[in-house]
Amino acid sequence: MLVDAITELRDAHALVRALRPFVIVATVVMPDHLHAIWRLPEGDDDYSGRWRVIKTRFVRSLRRNGHAVAVNAKGETNVWQRRYWEHTIRDEVDLHAHLDYVHWNPVKHGHVARVRDWPYSSFHRYVRQGVLQNDWGGEKTAPQGDFGEWPD
């Protein structure tokens, strides 16, 4: 669902970034979930408020554009999971481990064989900026670490 409505998702992010600025350090959008590393302004830790508005705007946009959005018994849409995992990056080592994890996610879930083949990823920005090589993750094993995901 998410990649099928990538324009709506990008628009929801842009709206929230205009209202409540933040920097998207890294992101990957998968068919049924996404991962993001954000940097908020100094003294601001309201990740949940930003996510709430992104989720709400995205669902409204889906409905406005004719997408069927099912509602569960609790009256919640089936687009988003109820919770999300938040982690404060501790240092540069932790940041790089999480960057690797975000960019590796499409390979982990079997959507592509190489990181560069997944179009909905900040990996491509890192390549354009010369931070990563286009073949990064081509033969690499999965990043190691405790990233707080629920087991598959």
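The values are calculated or read from the model by the stated rules, or taken from the named source; none is laboratory data. Computed from a predicted model, the values in this text were never measured in an experiment. Backbone-built Cβ (ideal geometry, glycine too); neighbour counts: all protein chains shown.
Residue-wise test of (1) out of contact with any Phe, Trp or Tyr (no Cβ under 7 Å at 6 or more places or on another chain); (2) more than 24 Å from residue 21 (Cα to Cα); (3) at pLDDT 90 or above.
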| position | (1), (2), (3) |
| --- | --- |
| 44 | yes, no, yes |
| 51 | no, no, yes |
| 84 | no, no, no |
| 90 | yes, no, yes |
| 96 | yes, no, yes |
| 99 | yes, no, yes |
| 113 | yes, yes, yes |
| 129 | yes, no, yes |
| 142 | no, yes, no |
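Residues in region 38-59: is at least one within 23 Å of residue 132 (Cβ to Cβ) and not basic (Lys, Arg)?
Taking region 38-59 as the starting set, the residues that turn out to be within 23 Å of residue 132 (Cβ to Cβ) are 38-39.
If we keep only those that are not basic (Lys, Arg) too, we end up with 38.
Within region 38-59, one or more residues are within 23 Å of residue 132 (Cβ to Cβ) and not basic (Lys, Arg).
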Considering residues that are touching a helix residue (DSSP H, G or I) at 6+ places or on another chain (Cβ under 8 Å), loosely packed, with under 12 Cβ neighbours inside 10 Å and in a helix (DSSP H, G or I), the number found within region 15-69 is 1
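How many residues does region 5-59 hold that are of a type outside the set (Gly, Ala, Ser) and closer than 16 Å to residue 81 by Cα?
Within region 5-59, the subset of a type outside the set (Gly, Ala, Ser) is 6-11, 13, 15-17, 19-25, 27-35, 37-42, 44-47, 50-59.
Those still in the list that are closer than 16 Å to residue 81 by Cα too: 9, 29-35, 47, 50-59.
Number of matching residues: 19.
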In this structure, does residue 100 turn out to be charged (D, E, K, R), touching a residue at least 40 places away in the same chain (Cβ under 8 Å) and within 29 Å of residue 133 (Cα to Cα)? yes
Filtering region 70-101 down to residues that are under 13 Å from residue 1 (Cβ atoms), out of contact with any helix residue (DSSP H, G or I) (no Cβ under 8 Å at 6 or more places or on another chain) and aliphatic (A, V, I, L, M) yields 70
